[in-house]
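Rule-based calculations on the coordinates, nothing more; no lab input. In this text, all values refer to a predicted model and were calculated from it rather than measured experimentally. Every residue, glycine among them, receives a Cβ derived from its backbone with ideal geometry; neighbour counts consider all protein chains shown.
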Amino acid sequence: MKKSLIALAVLAASTAASAQSSVTVYGRVDLSVGSLKELNKGSMTKLFNGGDGGLTTSRLGFRGTEDLGGGLTAGFKLEHRFNADEGTTQDPFWKGESTVNLSGGFGSVKLGRSLTLYDDVRGLANSANVFDSAFTPAANGVWGSGGDYSSRFNNKIAYTLPSLGGFYGGLEYALDEDPAVKANMLAAKVGYKAGPLDVALGVQQEKGKENDYMLLAGSYDLGVVKLSGGYNTRSGNAKNGDDKELQAGVIVPLGSAVNLSFSVANSKTTIAGATAAKASGIGIGATYAMSKRTTVYGGFRTHNIKNAVGTKTTDTRLVAFGLRHDF
């Protein structure tokens, strides 16, 4: 009888522990068919992996949490990116993310490889700009005409604040473990979200590229239309100069399943006070949600970059139609 009671107690404890933990397997396959025209390369019809000519990159991920009690939660996230058009992997294998974290009333500490806090603010700026996709001009050549940022870093220690009545923020540092590469990075964000309004400031300093970025971004959801935009600056070195960049976008929902989006962006690069390059572009797209997990879409993007004398060094046009399925 005593042994039976002990066995039941162990089983109950095991069941309780299992109930406090969760692991989710998730993924996305995104492929599109379209035409890409580039300066001096002509036009080519292609089957695009989503990140190159669609909404998002295809992925397979695992994430989980464990309730440690006392308000503490441990978690992890592993996300692999792959090329669905060829069935090949992207490098590194866990390119999307490979992190472990601990959360509580103090906020959250995350260790590993992940998107930067500054990139979070870029996402806010892009939120109504053609779905933050391959059709978004700022994210695909217009911003970064002088030197673009790194969206992810390895060997990162990140801290995010707990909820503070609408205010949010965080600070992170990527350790320099290879002196030859100088891969250390410092980034931070601070923002405020209340109802339809979300506004944030993000900064990122990359030692390896000698670039400092600062972005003020915001979005406002009016229900009948959502707006977003951002103003970004990059302070570089004597070789790649400095950038000043703007973008604005709108999403217009048509019923419960269809969304239209339009975006404009421009940038200017100066070296020693003189204009070295100018870039501009527009994007337009539409999505139709066939279900909660399946979306068909189409989009168009064109952008160009001109040098100091006005000669085009980049002139790109993308037109594509695709299908995305989440699982």
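The figures follow:
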| read-out | value |
| --- | --- |
| Cα gyration tensor shape for the range 100-209, rounded if a/c is under 1.5, else prolate or oblate | oblate |
| Long pairs among Lys41/Lys292; Lys77/Lys193; Lys207/Lys312; Lys46/Lys189, criterion Cα-Cα beyond 28 Å | Lys41/Lys292; Lys207/Lys312; Lys46/Lys189 |
| 0 to 90° range, to nearest 10: angle between helix 117-126 axis and the chain longest Cα axis | 60 |
| Computed E for Ala74/Leu171 - FRET, C-beta separation, R0 22 angstrom, nearest 0.05 | 0.60 |
| Sequence of Val33, Val142 once ranked by neighbouring C-beta atoms within 10 Å, starting from the fewest | Val33, Val142 |
| Selection from Val296, Ala180, Tyr168 lying farthest towards where the dipole of the chain points positive, charges on Cβ | Val296 |
| Lys/Arg +1, Asp/Glu -1 at C-beta; the range 26-326 dipole; positive extreme among Asn129, Gly71, Gly208 | Asn129 |
| Sum of -39500 (n - 2.57) over DSSP H runs of 4+, divided by residues of the chain (222 nm, nearest 500) | -3000 deg cm²/dmol |
| Net charge dipole size for the chain [Lys, Arg +1 and Asp, Glu -1 on Cβ; Debye, nearest 20] | 360 |
| Exposure proxy order (Cβ contacts within 10 Å, fewest to most) of Ile157, Ile251 | Ile157, Ile251 |
| Charge dipole magnitude, Cβ of K and R +1, D and E -1 - the range 115-225, Cα centre, debye nearest 20 | 120 |
| Debye, to nearest 20: dipole size of the range 247-321, +1 on Lys, Arg Cβ, -1 on Asp, Glu Cβ | 80 |
| Residue of Val109, Val225, Val181 that the Gaussian network model of the chain assigns the largest fluctuation, springs spanning Cα pairs under 10 Å | Val181 |
| Ranked list, fewest to most other Cβ atoms within 10 Å of each Cβ, for His80, His303 | His80, His303 |
| Gyration tensor (alpha-carbon) shape descriptor, the range 205-327, a/c threshold 1.5 | prolate |
| Most fluctuating residue given options Tyr159, Tyr26, Tyr213, as computed from a GNM of the chain linking Cα atoms under 10 Å | Tyr26 |
| Nearest 10 degrees, 0 to 90: helix 2-19 Cα axis against the chain principal axis | 10 |
| Dimensionless Rg/Rh of the chain - Kirkwood Rh, Rg from C-alpha atoms | 1.03 |
| Charge dipole of the chain about the Cα centre (unit charges at C-beta), most positive-ward option of Asn83, Met44, Gly273 | Met44 |
